[in-house]
Amino acid sequence: MKSILIIGMGRFGTHLCKNLSKLDNEIMIVDEIEERLEDLLPYVTSAKIGDCTNEKVLESLGISNFDLCIVCIGNNFQNSLEITSLLKELGAKRVVSKANRDIHAKFLLKNGADEVIFPDRDIAEKIAVSLSADEIFDYISLADGYSIYEIAPQAEWIGKSVLELNFRAKYHMSIIGVKYGNHTQILPPTDYIFKPDEHLMVICHQKHMDKLIHKK
């Protein structure tokens, strides 16, 4: 459980707040518009109306007490930049800021952001991948081209074991879990037999996933 401050309760901030609340985090939200806060009161520890470009407003929040501060302002880059910088000056332990453009991200990182996120771009990329390949249900991008993919087993795998297929050597990917129904098996053994209607969680480089999906 973390203590989290979220600034800017637009669509992204609202969805983020609700999901962080489900994970039992303690959340404080801030926005200039009172109506944006009202529906979120059941999900948060506290809420405050205020303009966070005002240093005194931020000081009153006790910034150094939060494990994480998230700036979710997407329609006013100047405000986002000012708030990000002020948060760091006031002792924020970690600042994550939302950006819409690469150039914005560069300025945010130079002015206090520890991490920059691109929600619209990231969602679009995930949807594009899943819609382009029926075998991919979801994925989590890691680094250097590697990702964790949730995929359907290939028809030729069904009824065979991981060892029989020489899976890792042949496909250059490692199985880290198998989902079937409401159950998940982590790190299945080499004698695991592939079944229809299950989802595999594998980690591999994008080029090897592309090769599998497109059968190149």
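Between HIS15 and GLN185, what FRET efficiency follows from the Cβ-Cβ distance if R0 is 41 Å, with the result rounded to 0.05?
Working: r = 30 Å, r/R0 = 0.74.
Efficiency computed from Cβ-Cβ geometry: 0.85.
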Report the paramagnetic label zone for SER174: residues of segment 180-216 whose backbone N is under 12 Å from a point 7 Å from Cα along the Cα-to-Cβ axis.
-> 187-188, 202-205
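Order by neighbour count: ILE136, ILE103, ILE7, fewest other Cβ atoms within 10 Å first, most last.
Values: ILE136 19, ILE103 10, ILE7 30.
Fewest-to-most ranking of ILE136, ILE103, ILE7: ILE103, ILE136, ILE7.
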About its Cα centre, what dipole magnitude does segment 11-101 give when the only charges are +1 on Lys and Arg Cβ and -1 on Asp and Glu Cβ, stated in debye to the nearest 20?
-> 440
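Taking the Cα centre as origin and putting +1 on Lys and Arg beta-carbons and -1 on Asp and Glu beta-carbons, what dipole magnitude results for segment 22-176, to the nearest 20 debye?
On the way: 16 positive and 27 negative charges, 117 e Å.
Taking the Cα centre of segment 22-176 as origin, the dipole is about 560 debye.
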Hey, with R₀ at 25 Å, roughly what FRET efficiency would ASN65 and ASP39 work out to, going by the Cβ-Cβ distance, to 0.05?
-> 0.50
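Restricting to bridges with both residues inside the chain, how much of the DSSP beta-bridge set is antiparallel, in percent to the nearest 5?
Numbers: 22 of 41 bridges.
The antiparallel fraction comes to roughly 55 percent.
GLU164 to GLU198: extension gain in nm, 0.36 nm per residue of separation minus the Cα-Cα distance?
Numbers: separation 34, 0.36 × 34 = 12.24 nm, distance 1.84 nm.
That pair, GLU164 and GLU198, stretches by 10.4 nm at full extension.
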Taking the chain and counting helices only, DSSP H stretches of n ≥ 4 at -39,500 (n - 2.57) each over all residues, the nearest-500 ellipticity at 222 nm comes to -9500 deg cm²/dmol
Percentage relative contact order, segment 98-191, counting C-alpha pairs under 8 Å, at least six apart | 14
Table column - 3J(HN,Hα) (Hz), segment 152-158, Karplus curve with 6.51, -1.76, 1.60, x for Gly and Pro = 8, x, 5, 4, 6, 7, 4
Among HIS199, VAL178, MET209 - extreme Cα towards positive end, dipole of segment 156-216, charges at beta-carbon = MET209
Listed residues LYS93, LYS126, LYS56, most fluctuating in the chain (Gaussian network, C-alpha, under 10 Å) = LYS56
Per GNM of the chain with C-alpha springs under 10 angstrom, the most fluctuating residue out of ASN182, ASN54, ASN65 is ASN182
Convex hull per residue volume in Å³, alpha carbons only, for segment 1-108 = 91
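Can you give the local net charge around GLU82? Use residues other than it whose beta-carbon is closer than 15 angstrom to its beta-carbon, Lys and Arg +1, Asp and Glu -1. Numbers along the way, then the final one.
On the way: positive: LYS56, LYS88, LYS98, LYS110; negative: GLU32, ASP51, GLU55, GLU59, GLU89.
Net of charged neighbours comes to -1.
Provide the three semi-axes, in whole Å and in decreasing order, of the ellipsoid equivalent to segment 12-51 as defined by the square roots of 5 times the Cα gyration tensor eigenvalues. Mind showing how you got there, number by number?
Details: eigenvalues 56, 19, 13 Å².
Gyration-tensor ellipsoid for segment 12-51: 17, 10, 8 Å.
In terms of the ratio Rg/(2.2 N^0.38 Å) built on C-alpha atoms, what value belongs to the chain? Intermediate values should be presented prior to the final figure.
Numbers: Rg = 21.7 Å, N = 216, 2.2 N^0.38 = 17.0 Å.
Expressed relative to 2.2 N^0.38 Å, the Cα Rg reads 1.28.
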Nearest 0.05, what FRET efficiency do LYS106 and LEU23 give at R0 = 22 Å with Cβ-Cβ as r?
-> 0.15
Rounded, prolate or oblate: which fits segment 93-207 when a ≥ b ≥ c are the square roots of the eigenvalues of the alpha-carbon gyration tensor, with rounded for a/c under 1.5 and prolate only if a/b beats b/c?
-> prolate
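What order do you get for LEU40, LEU187, LEU58 when you list them from fewest to most C-beta neighbours inside 10 Å? Please report the intermediate quantities before stating the final value.
Details: LEU40 19, LEU187 10, LEU58 23.
Final ranking by Cβ density, sparse to dense: LEU187, LEU40, LEU58.
Every number in this text was worked out from the coordinates using simple rules, so none of it is lab data. The structure displayed is predicted, hence computed values, not measured ones. Note that each Cβ is placed from the backbone with ideal geometry, even for glycine, and that neighbours are counted across all protein chains shown.
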